[in-house]
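K.L.:
Mind looking over this structure? Questions follow.
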Amino acid sequence: MFPRLTKWLSVGLAVLAVAAVMLAMHFRGALAVSRDLQHQAEQRAAQLDANLKASEAARKAEQAQADKFQAIAQQNEQDKVRAEADAKRLAADLRAERVRLRPEWRCEVPAASASAGKPDAAADDRSKGAADIVRAAADADAQIRGLQALLRAERQ
């Protein structure tokens, strides 16, 4: 009777051993899959982190460039205001004869044609024309400086 019991115990132990080996292989495979999934998740997280850092760097660069452009635009507006003030000052100086035009820009009015009661309208036109020319030149210079500054800032 003992030999039969030993036989059944041996078969039972063998089945248990095979089951244990199969169970161990299953858990080992599951562990490998789990590690692979964890590795993929870590790679995705690293890629997302790199994308976020690149996006933040690009945003900072764009903001810095926008700040430079804003400063250039403000300088351009100040130059336009200064050009307008210079033009008004020149017109006033021409009227007050503190500044004189070159001979090629003067248009002398004969004394006989100017009446004693009327001021010289041509002189006002000349001073306004000279002021307009100075203002237009100063505006153009300010615009050129502004555009050149934008190009320099963009290329940095």
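The values are calculated or read from the model by the stated rules, or taken from the named source; none is laboratory data. Just so it is clear, the structure is predicted and the values come from calculations on it, not from any experiment. Cβ sites come from the backbone with ideal geometry, for glycine too, and all protein chains shown count toward neighbours.
K.L.:
What number of residues in the stretch 25-67 are free of Cβ contacts under 8 Å to residues at least 24 places away in the same chain and either of a type in the set (A, V, I, L, M) or touching a helix residue (DSSP H, G or I) at 6+ places or on another chain (Cβ under 9 Å) (or both)?
P.N.:
So the answer is 18.
K.L.:
In addition: Looking at (1) at pLDDT below 80; (2) closer than 30 Å to Glu62 by Cβ, which is the one condition that is false for Arg152?
P.N.:
Against the list (1) at pLDDT below 80; (2) closer than 30 Å to Glu62 by Cβ, Arg152 comes up short only on (1).
K.L.:
With respect to Ala140, is the statement that it is within 28 Å of Arg82 (Cα to Cα), modelled with pLDDT of 80 or more and not charged (D, E, K, R) true?
P.N.:
On the way: within 28 Å of Arg82 (Cα to Cα): yes; modelled with pLDDT of 80 or more: yes; not charged (D, E, K, R): yes.
Considered against the rule, which asks whether it is within 28 Å of Arg82 (Cα to Cα), modelled with pLDDT of 80 or more and not charged (D, E, K, R), Ala140 comes out as yes.
K.L.:
With respect to Ala50, is the statement that it is under 32 Å from the mean Cα position of the chain (by Cα) and either assigned to a helix (DSSP H, G or I) or at pLDDT below 85 (or both) true?
P.N.:
Values: under 32 Å from the mean Cα position of the chain (by Cα): yes; either assigned to a helix (DSSP H, G or I) or at pLDDT below 85 (or both): yes.
So Ala50 passes the test.
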